[in-house]
Each structure stands twice: as structure tokens, then as C-alpha cells.
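The structure that follows is given in the form of C-alpha cells.
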Amino acid sequence: MTITGQSADTTRALQGLEDGRSFVRLRAALAVGSTPDPRFVDRLVECCGVEPDFFVRDMLTWALTRHPVSMTLPRLVREVRSKHAQARSQALHSLSKIGDRRAWPAITRAVLSDADPEVARAAWRAAVVLVPEGEESVLAGTLATQLGRGERDTQVSLSRALVALGEAGGPALHAAAAGRDPRARVHALATQRLLHDPDTAFECAIEEAKRVVALGGPGQEGR
């Protein structure tokens, strides 16, 4: 890739992003972020969507945050609709790091319930950062539809997102805890515990919630 007027250092950095060695790609991403240029935004976003190394992806995201939001935001919002799961998740991760609420319309209900767990988790984290003031309760209600989903890591991510919304998430959690889906009830009760006692370990909260549900706790009334 050659861009007219770019420095030799930047040329090497861009070439380095395609190197087979992860440490070279890491240094290249650092170099591009250290000398930001809007002409490189597209390449950084493309690399995020295919980069296999976690640390390199994180550096690519940092490099994007060093560029003008007017350039990065539209490109990342488009990437949220990519057919490739990694591209979607990394775009959402980058949007959460940039933190500009103009990206909020990209966080749709479909995005928040993406079938890929990595994408969904990235969406939940981004949503908590980008949600406009006054919309927290609506977001909590949407997030609550995902309670009980997936394995431990996915459930921890969702609980953290709901806890981050504070008391705005209370009504949605209460409704889920009184619902008919036992996995959702357990997850909701555990998240309620974390909301009121953040020092509680997730595993302890889950085990306590399982006991409550097994003994006919919330959600059993009127059956």
C-alpha cells in the first residue's frame, strides 16, 4: 500500500501491518498510532477485522483512537454491520474506546443479541459506554432479554453491563427474576446480588441464586 506524501517511516509501518510476525505487526500499529493520519484509518479498520493476535488488535484499536473521530466513527459504524464476526466485535470494541455517543444508533437490538458471543459481549460493553442519558432503563430491558445466555464468560459480561447501568437496571432484573425461564431467573438473581454487593464473586452469586430458584424463590408464585 502506497500513499502519496507519506513518510518512509509510515510506509514501513503500513507494510509491517501485513508482516507474518505478530511482534512486527504490534510495532507497526504503534508506529501508525504515534503518527496519526486520516488516510490510514481504512487500513487500520481492515486489519482489526482479520488480525489473529489479541495484543495486536488492541494496539490497532489504540491507533484508531489517535485519529480524528470524524474519520473513524463512520467507518467503524459501517463495520458493525459486517458479515464477519471479528470485524463486528472489533468495531464495537473500538467504538467503546472512542466513547463518542454519536455511534449509539449503531447499537441496535439485533446487535445486542448477535448470535456470536464475542460480538454480543462487545456490544454490551459498548452500549453501556454509549447509551444516551435517560435511555439506561430501555437499554437494561433489552439486555435483560439475554439473561441466561451462554457460558460463564458470556454471563459475567452481561452481568457487568447490567451492574454498570446501576439502579436503572433494577426493574428489568426484577422482571427477569420473576419470569418462567429458570436460567434467566438464576442469572437475574445473581446479577441483582452483584448490583447490591459488587464485592460478591460471580460464582457465589450464581450458586446462591440456584438455591433460591430450586427452593421455589422468585418466579414460582402462582404456579
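The values are calculated or read from the model by the stated rules, or taken from the named source; none is laboratory data. Remember, it's a predicted structure, so these values are computed and weren't measured experimentally. In this analysis, Cβ positions are derived from the backbone assuming ideal geometry, glycine residues included, and neighbour counts consider all displayed protein chains.
Taking the condition in contact with a Cys (Cβ under 8 Å, 6 or more places away or on another chain), closer than 17 Å to ALA87 by Cα and not β-branched (Val, Ile, Thr), does ARG57 pass? Give the steps one after another, and end with the answer.
Working: in contact with a Cys (Cβ under 8 Å, 6 or more places away or on another chain): yes; closer than 17 Å to ALA87 by Cα: yes; not β-branched (Val, Ile, Thr): yes.
Yes: the conditions hold for ARG57.
Out of VAL32, VAL119, report the one residue that is in a helix (DSSP H, G or I) and either modelled with pLDDT of 95 or more or in contact with a Ser or Thr (Cβ under 6 Å, 6 or more places away or on another chain) (or both).
VAL119
Keeping to the range 123-151, report how many residues are assigned to a helix (DSSP H, G or I), in contact with an Asp or Glu (Cβ under 8 Å, 6 or more places away or on another chain) and either surrounded by fewer than 18 Cβ atoms within 10 Å (Cβ to Cβ) or at positive phi (or both).
0
Which condition breaks for GLU151 when tested against (1) acidic (Asp, Glu); (2) modelled with pLDDT under 95; (3) within 14 Å of the chain's Cα centre (by Cα)?
Going through the list (1) acidic (Asp, Glu); (2) modelled with pLDDT under 95; (3) within 14 Å of the chain's Cα centre (by Cα), GLU151 breaks only (3).
Out of all the residues in the range 59-79, which are of a type in the set (Gly, Ala, Ser) and surrounded by fewer than 20 Cβ atoms within 10 Å (Cβ to Cβ)? Outline the logic, then answer.
So in the range 59-79, the residues of a type in the set (Gly, Ala, Ser) come out as 63, 70.
Scanning the range 59-79 gives a single hit, SER70.
Give the residues of the range 76-92 that are in a helix (DSSP H, G or I) and not β-branched (Val, Ile, Thr), sorted by residue number. Give the derivation first.
First, pick out the residues of the range 76-92 that are in a helix (DSSP H, G or I): 76-79, 85-92.
Listed by number, the residues that qualify are LEU76, ARG78, GLU79, ALA85, GLN86, ALA87, ARG88, SER89, GLN90, ALA91, LEU92.
Now for a separate question. Quick one: in the range 35-61, which of the residues that are of a type in the set (Asp, Glu) and part of a helix (DSSP H, G or I) is nearest to THR11 (Cα to Cα)? Can you show your working first?
Narrowing the range 35-61 to residues of a type in the set (Asp, Glu): 37, 42, 46, 51, 53, 58.
Keeping just the survivors that are part of a helix (DSSP H, G or I) gives 42, 46, 58.
Details: ASP42: 15, GLU46: 17, ASP58: 21 Å.
Here the residue is ASP42.
Can you confirm whether the range 161-176 contains a residue that is among the acidic types (Asp, Glu), within 14 Å of the chain's Cα centre (by Cα) and surrounded by fewer than 18 Cβ atoms within 10 Å (Cβ to Cβ)?
So in the range 161-176, the residues among the acidic types (Asp, Glu) come out as 167.
Those still in the list that are within 14 Å of the chain's Cα centre (by Cα) too: none.
Within the range 161-176 (the criterion being among the acidic types (Asp, Glu), within 14 Å of the chain's Cα centre (by Cα) and surrounded by fewer than 18 Cβ atoms within 10 Å (Cβ to Cβ)), the answer is no, since none of the residues qualifies.
Please go through the range 80-104 and give me each residue that is of a type in the set (S, T, N, Q) and either buried (at least 20 other Cβ atoms within 10 Å of the Cβ) or within 9 Å of the chain's Cα centre (by Cα) (or both), ordered by number. Steps first, answer last, please.
Residues of the range 80-104 of a type in the set (S, T, N, Q): 82, 86, 89-90, 94, 96.
Result: SER89, GLN90, SER94, SER96.
Looking only at the range 10-29, which residues are at pLDDT below 90, assigned to a helix (DSSP H, G or I) and more than 22 Å from MET71 (Cα to Cα)?
Within the range 10-29, ARG12, GLY16 meet the criteria.
From ARG193, ARG211, grab the single residue that is buried (at least 16 other Cβ atoms within 10 Å of the Cβ), charged (D, E, K, R) and assigned to a helix (DSSP H, G or I).
Values: ARG211 fails: buried (at least 16 other Cβ atoms within 10 Å of the Cβ).
Sole residue among the options that is buried (at least 16 other Cβ atoms within 10 Å of the Cβ), charged (D, E, K, R) and assigned to a helix (DSSP H, G or I): ARG193.
Right, here's the next one. If you go through the range 179-190, how many residues are over 19 Å from PRO117 (Cα atoms) and either surrounded by 15 or more Cβ atoms within 10 Å (Cβ to Cβ) or modelled with pLDDT of 95 or more (or both)? Walk me through how you get there before you give the answer.
Our first condition is that a residue be over 19 Å from PRO117 (Cα atoms); within the range 179-190, this holds for 179-182, 185-186, 189-190.
Filter once more, so that each one left must be either surrounded by 15 or more Cβ atoms within 10 Å (Cβ to Cβ) or modelled with pLDDT of 95 or more (or both): 179, 185-186, 189-190.
Final tally of qualifying residues: 5.
Mind checking which pairs have a first residue in the range 158-171 that is touching a residue at least 40 places away in the same chain (Cβ under 8 Å) and a second that is surrounded by 24 or more Cβ atoms within 10 Å (Cβ to Cβ) and of a type in the set (A, V, I, L, M, F, W, C), Cβ under 9 Å, 6 or more apart or different chains?
From residues that are touching a residue at least 40 places away in the same chain (Cβ under 8 Å), the pairs are SER159/LEU147; SER159/ALA190.
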